[in-house]
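Notes follow the structure.
The values are calculated or read from the model by the stated rules, or taken from the named source; none is laboratory data. Note that the structure is a prediction, hence the values are computed from the model and not measured. Don't worry about glycine lacking a Cβ; one is built from the backbone with ideal geometry, like all the others, and counts go over all protein chains shown.
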């Protein structure tokens, strides 16, 4: 995750999805019309929310793997200095790539 707003958006999506499935009125037919839950295409909201969770998990795993690779590749591993602050300073001073 890049920032707290992405986590907040994911929680809001999950909350909305859970509210939909928890609302009793979504399961009732009204004046001959099908129940709202029947219009959900057999759990499409839940599948969408789950796909977003999977994306977050994949992004988080990739970030962790990238960080571990940077640490392993850094000269700090040899000297025993692996402080995250020192690594940030090192990569900001020696690399032009702003995504590091």
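Return yes when residue 92 is part of a helix (DSSP H, G or I), modelled with pLDDT under 85, out of contact with any helix residue (DSSP H, G or I) (no Cβ under 8 Å at 6 or more places or on another chain) and exposed (fewer than 13 other Cβ atoms within 10 Å of the Cβ) and no when it is not. Write out each step before concluding.
Values: part of a helix (DSSP H, G or I): yes; modelled with pLDDT under 85: yes; out of contact with any helix residue (DSSP H, G or I) (no Cβ under 8 Å at 6 or more places or on another chain): yes; exposed (fewer than 13 other Cβ atoms within 10 Å of the Cβ): yes.
When the stated conditions are applied, residue 92 passes them.
Check the stretch 39-62 and report whether any residue there is over 21 Å from the mean Cα position of the chain (by Cα) and on the phi > 0 side of the Ramachandran plot.
Scanning the stretch 39-62, I find at least one residue that is over 21 Å from the mean Cα position of the chain (by Cα) and on the phi > 0 side of the Ramachandran plot, so the answer is yes.
Step by step: first the residues of the stretch 24-42, then only those that are surrounded by 12 or more Cβ atoms within 10 Å (Cβ to Cβ) and in contact with a helix residue (DSSP H, G or I) (Cβ under 8 Å, 6 or more places away or on another chain), then the one that is nearest to residue 61 (Cα to Cα). Which residue is that?
Step by step, filter the stretch 24-42, then rank; the result is 40.
Which ones in the stretch 53-67 are more than 17 Å from residue 17 (Cβ to Cβ) and surrounded by 12 or more Cβ atoms within 10 Å (Cβ to Cβ)?
59, 63, 66, 67, listed by residue number.
State all residues of the stretch 1-23 that are part of a loop (DSSP other than H, G, I, E, B) and either touching a helix residue (DSSP H, G or I) at 6+ places or on another chain (Cβ under 9 Å) or modelled with pLDDT of 90 or more (or both); if no residue qualifies, say none. Steps first, answer last, please.
We begin by selecting, within the stretch 1-23, every residue part of a loop (DSSP other than H, G, I, E, B); these are 1-3, 23.
Within the stretch 1-23, 1, 2, 23 qualify.
Checking residue 54 against (1) at pLDDT 90 or above; (2) in contact with a helix residue (DSSP H, G or I) (Cβ under 8 Å, 6 or more places away or on another chain), only one condition comes out false. Which one?
Failed condition: (2).
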